[in-house]
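Worksheet: the structure to be examined is printed underneath.
Laboratory data are not the source of any read-out in this text; all were calculated from the coordinates shown. A quick note: this is a predicted structure, and the numbers were derived from the prediction, not measured. Because the Cβ atoms are built from the backbone with ideal geometry, glycine has one as well, and the counts that use them run over all protein chains shown.
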Amino acid sequence: MHKHLQESALQRMTRVVAIANQKGGVGKTTTAVNLAASLATAERRTLLIDADPQANATSGVGIERRALSASLYDALMDGEPIDRVVRRGVHLSYLDVVPATQDLVGAEIELVNRPGRERVMRGVMASLKGKYEFVLIDCPPSLGLLTLNMLTAADSVLIPIQCEYYALEGLSQLLNTVKLVQQNFNPALAIEGVLLTMHDNRLNLSRQVAAEAQEYFGNKMFGSVIPRSVRLAEAPSFGKPILLYDVQSVGAKSYLALAQEVIRRAAALPAAPATALAVGEALA
C-alpha cells in the first residue's frame with residue numbers, strides 16, 4: 001500500500017519538458033544537458049532524451065554515437081521498448097539518457113505516412129510515466145514532425161533565447177506551433193518558461209533583449225540567466241556537463257539556479273493535470 005502511494009505520488013510529479021526553439025545556436029542542447037545534470041545533482045530522478053538528429057546532447061554527455069546498439073530511432077520507428085534504449089547512470093546516479101543517432105533524419109520522412117504520426121512519441125513514452133521526476137527532451141532546431149511529436153508528448157515547453165539582435169524574431173512561429181499542438185494534439189501543453197542564454201551584462205544589446213523579453217513574456221521568464229561562457233562552450237568537447245567540467249564556473253552556478261527554479265515551479269503545480277492554457281493565457 002505504502003509503495004503504491006509512493007508510485008502514485010511520483011507519477012503525479014513526473015514532468016516532461018520539451019526544450020525547443022527552431023532557431024539554431026541559442027543554447028538549446030547546452031540547456032538540455034546542463035539542466036538535466038543539475039536536476040540529477042539535486043537528486044531528482046531525471047531522463048534526458050536526445051531527439052535531435054545532430055545528436056549533440058548524446059555526445060555532450062560522453063556517449064559514443066558510433067558504439068550505440070540502439071537509440072531513440074529504434075524506439076520511435078521500430079517499436080523497441082524505450083526502457084531498452086535508456087543508458088542508465090550517465091555520469092550521475094540520478095541521470096539517465098536516451099541517445100540519438102543520425103538515423104533520426106530518416107524518421108522525419110518515415111513518420112509522414114505513419115497513422116497518428118503526431119502522437120507516436122507520446123505512445124513511446126507511456127511506459128516512462130512514474131519512473132522519473134523530470135524528463136527533458138532536446139528537440140531539433142526545426143518545427144517538423146519530430147518536434148511536433150515531442151511537443152505532443154510533453155507537459156510543457158522551455159524556450160531558450162539567445163541575447164542577440166534577432167532573438168525574438170521568429171518566436172511567433174514557435175508559439176503558433178505550440179498553439180496548434182494545444183488545439184489538436186495536446187491540450188495541456190503549457191509554456192514552462194523562457195530562458196535567456198549567452199547573456200553578457202556588459203553589452204547594451206544583452207540588456208535590451210532581456211528587457212524586451214521580460215516585457216513580452218512577463219512571469220514566464222526564468223529569473224536565472226545563462227551567461228556567455230568559454231567554460232560552457234568547452235564542456236561538450238570533453239563529454240561532460242559543466243558541473244563535472246568546472247563546478248565553480250558561473251555557467252555551472254547558473255544552471256544549478258535554473259534547476260532550482262524548475263523544481264519550485266513543478267512543486268507549485270496542482271496534483272491533477274492542469275486545465276489547458278492557450279498561448280495567450282500562458283503568456284499573460
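Overview of results
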{"quantity": "Filtered residue count, the stretch 28-45, keeping only those that are under 11 Å from the mean Cα position of the chain (by Cα) and not aliphatic (A, V, I, L, M)", "calculated": "5"}
{"quantity": "Meets criteria (of a type in the set (Asp, Glu), in contact with a Gly (Cβ under 8 Å, 6 or more places away or on another chain) and under 27 Å from residue 13 (Cα atoms)) for residue 96", "calculated": "yes"}
{"quantity": "Of all residues in the stretch 137-163 being within 10 Å of the chain's Cα centre (by Cα) and of a type in the set (Val, Ile, Thr), the one that is surrounded by the fewest Cβ atoms within 10 Å (Cβ to Cβ)", "calculated": "159"}
{"quantity": "Residue under evaluation residue 94, criteria (1) in contact with an Asp or Glu (Cβ under 6 Å, 6 or more places away or on another chain); (2) surrounded by fewer than 16 Cβ atoms within 10 Å (Cβ to Cβ), criterion not met", "calculated": "(2)"}
{"quantity": "Selection status of residue 131, of a type outside the set (Asp, Glu), in contact (Cβ under 8 Å) with a residue 40 or more places away in the chain, assigned to a loop (DSSP other than H, G, I, E, B) and over 22 Å from residue 27 (Cβ atoms)", "calculated": "yes"}
{"quantity": "Which numbered condition residue 207 misses (of (1) among the charged types (D, E, K, R); (2) within 21 Å of residue 260 (Cα to Cα); (3) out of contact with any helix residue (DSSP H, G or I) (no Cβ under 9 Å at 6 or more places or on another chain))", "calculated": "(2)"}
{"quantity": "Residue that is nearest to residue 166 (Cα to Cα), among those in the stretch 207-233 that are among the charged types (D, E, K, R) and touching a residue at least 12 places away in the same chain (Cβ under 8 Å)", "calculated": "212"}
